[in-house]
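All of the numbers you see were taken from the coordinates with simple rules; none came from a lab. In this text, all values refer to a predicted model and were calculated from it rather than measured experimentally. Cβ: placed from backbone, ideal geometry, glycine included. Neighbour counts: every protein chain shown.
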Amino acid sequence: MSRHYPDRPVVGVGAIVIDEAGRVLLVKRAQEPLKGRWSLPGGMVELGEALPEAVAREVLEETGLTVAVGPLVEVLDRIYRDPDGRVSYHYVLLDYLCRPVGGTLGAGTDAADAVFAPPDALDRFGIVAATRAVIDRAVAMAHP
C-alpha cells in the first residue's frame, strides 16, 4: 500500500525519547510529509511487528539510539490534504514515552539530523502544535 494517496489510513508509531537531563530527542525529517521540519522519530509499523518493537526499530534506524519503550502517551491521526482537498497522507499514530539505553546519536534513515533539545528550547525548532502537545504530555509523565 502506498503511503502517498493511500486507500486507507496507515498505522505508525512515534517516540518521545527523554534523556536523563530531561531533553527530548528530535529528528529533522528527510522525507515527506514534513520534509525539512523537526519532529519526533517514528515511522510505519511493519506486518507482524508489535508496536513496541516498531518504536524501538524506528528510533534505532533514524537516530542510532536504542531505547526502552515505556507507556503510550497519545493516539492521534494526521491527515494531510493536497490543494484539491484529496487526502495525500493519512496516518494513525501511537506515540510512546521512551528513554535511551545505548547507541550513538546520529542521523540515520529518513532523518536529515537528530538532536536532544531541552523542553524550554523546543519553540526554536518550529515543531507543529500537535507534536508539541504530545511532547508536553510525555514530559509531564516522565517527571510527575
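Dipole of the chain (Lys/Arg Cβ +1, Asp/Glu Cβ -1, origin at the Cα centre): which of Ala21, Ile127, Ala117 lies farthest to the positive side?
Of the candidates, Ile127 comes out farthest on the positive side.
For Gly103, which sequence-distant residues (separation of 5 or more, or a different chain) have an amide H within less than 5 Å of its own amide H, given hydrogens modelled in the peptide plane?
HN-HN under 5 Å from Gly103: Thr66.
Just going by the charge dipole of the stretch 10-142, with Lys and Arg at +1 and Asp and Glu at -1 on Cβ, which of Gln31, Thr63, Val45 is farthest out on the positive end?
So the residue we want is Gln31.
Classify the stretch 27-98: rounded, prolate or oblate, from the alpha-carbon gyration tensor (a ≥ b ≥ c, eigenvalue square roots; a/c under 1.5 rounded; otherwise prolate if a/b is larger than b/c)?
Working: a/c = 2.14, a/b = 1.59, b/c = 1.34.
Prolate, because a/c is 1.5 or more and a/b exceeds b/c.
Using the 10 angstrom Cβ neighbour count as an exposure proxy, how do His4, His90 rank, fewest first?
On the way: His4 10, His90 17.
The fewest-first ordering by Cβ neighbours comes to His4, His90.
Computed from the coordinates I sent, log10 I(q)/I(0) by the Debye sum over Cα atoms at q = 0.09, 0.15, 0.20 Å⁻¹ equals one of (i) -0.50, -0.90, -1.22; (ii) -0.30, -0.73, -1.13; (iii) -0.25, -0.70, -1.27. Tell me the label.
(iii)
Taking Cα pairs under 8 Å and at least six residues apart, what relative contact order does the chain come out at, in percent? Present the calculation step by step, with values, prior to reporting the outcome.
Working: 300 pairs, mean separation 46.2, N = 144.
Rounded, it is 32 percent for the chain.
Could you line up Thr104, Thr131 from fewest to most neighbouring Cβ atoms inside 10 Å?
On the way: Thr104 8, Thr131 24.
Taking fewest neighbouring Cβ atoms as first place, the list is Thr104, Thr131.
Fewest to most neighbouring Cβ within 10 Å: what's the order for Tyr89, Tyr80, Tyr96? Please report the intermediate quantities before stating the final value.
Working: Tyr89 19, Tyr80 14, Tyr96 25.
Ascending number of Cβ neighbours within 10 Å: Tyr80, Tyr89, Tyr96.
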